[in-house]
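The values are calculated or read from the model by the stated rules, or taken from the named source; none is laboratory data. Everything numeric in this text was worked out from a predicted model, so none of it was measured. No Cβ is skipped: glycine too gets one built from the backbone with ideal geometry, and neighbour counts run over all protein chains shown. Side chains are part of the model used for accessible areas, which takes the heavy atoms of the whole protein and leaves out ligands, DNA and RNA. Shrake-Rupley method; radii C 1.70, N 1.55, O 1.52, S 1.80 Å.
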Amino acid sequence: AYATGLWAGETSFGGRPRGGLQCVPYARQVSGIEIRGNARYWWNTASGRYDRGQRPEPGAVLAFRASGGMRNGHVAVISRVFGPRHVQIDHANWEGPGMRKGSIHHNVNVIDVSPANDWTAVRVQIGYDEGSFGRTYPTHGFIYNRGDSGTLYAQTPRLQTRVLEEVAEMPATGAERRR
């Protein structure tokens with residue numbers, strides 16, 4: 001039971017695709033951003049169609065540049081923002097220790113290591129060890145699922161909504177009151 005439009009590559013015996021799930025159709029379906037073609041072209045293709053910027057937002061697509069072993073680039077969808085330099089992504093077709101190429105991976109930590117704090121260089125969590133990060137990957141920034149306003153969004157701190165919980169204190173015992 002494979003979702004239509006998620007698989008890329010030729011079909012093999014039994015109709016199961018060879019090569020597994022690719023990052024582009026996965027990011028397109030999850031984010032709603034309708035861009036086609038290799039991930040390396042998403043940033044430029046988004047120009048004039050979708051807002052782009054350097055500020056992470058849930059649902060935005062992080063566009064990786066083509067480099068080294070990623071000659072076609074990579075795209076991943078932001079699932080959670082922890083702070084100005086730490087997010088989690090959901091993505092497909094990423095390979096690493098304990099990770100099978102062609103699979104979907106959820107809640108993968110990514111940190112911004114760019115000198116200007118602009119998300120142009122990141123490190124991605126290795127396997128399932130939350131404190132272990134791989135090499136540095138160059139990125140363009142984020143593509144947002146909204147029309148292009150002609151403005152690139154700069155990195156700005158974003159106020160997070162906090163839920164405050166009222167906590168009652170336990171009355172002090174006789175021994176604690178005498179101290």
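Below is a table of values for the structure above.
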quantity	calculated
Residues that are closer than 17 Å to residue 57 by Cβ and aromatic (Phe, Trp, Tyr), drawn from the range 103-141	119
Unmet criterion (only one of (1) open to solvent by less than 40 Å² (accessible area, probe 1.4 Å); (2) out of contact with any Pro (no Cβ under 9 Å at 6 or more places or on another chain)) for residue 68	(1)
Filter result (open to solvent by 20 Å² or more (accessible area, probe 1.4 Å), more than 19 Å from residue 28 (Cβ to Cβ), in a strand (DSSP E or B) and out of contact with any Lys or Arg (no Cβ under 6 Å at 6 or more places or on another chain)) within the range 100-120	107
Neighbours by Cβ (under 8 Å, 6+ apart or cross-chain): first from the range 105-124, farther than 15 Å from residue 83 by Cα and without any contact (Cβ under 8 Å) to a residue 12 or more places away in the chain; second open to solvent by 10 Å² or more (accessible area, probe 1.4 Å) and assigned to a strand (DSSP E or B)	115/121
Of all residues making up the range 30-46, the number that are farther than 18 Å from residue 67 by Cβ, in contact (Cβ under 8 Å) with a residue 12 or more places away in the chain and either open to solvent by 60 Å² or more (accessible area, probe 1.4 Å) or among the hydrophobic types (A, V, I, L, M, F, W, C) (or both)	5
Single unsatisfied condition, residue 82 versus (1) of a type in the set (A, V, I, L, M, F, W, C); (2) surrounded by 16 or more Cβ atoms within 10 Å (Cβ to Cβ); (3) at pLDDT 95 or above	(2)
Filter result for residue 57 (at pLDDT 85 or above, open to solvent by 60 Å² or more (accessible area, probe 1.4 Å), within 22 Å of residue 146 (Cβ to Cβ) and not hydrophobic (A, V, I, L, M, F, W, C))	no
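To keep it simple, each residue is scored yes or no on (1) at pLDDT 75 or above; (2) of a type outside the set (S, T, N, Q); (3) open to solvent by less than 90 Å² (accessible area, probe 1.4 Å).
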| site | (1), (2), (3) |
| --- | --- |
| 88 | yes, no, yes |
| 124 | yes, yes, yes |
| 135 | yes, yes, no |
| 146 | yes, yes, yes |
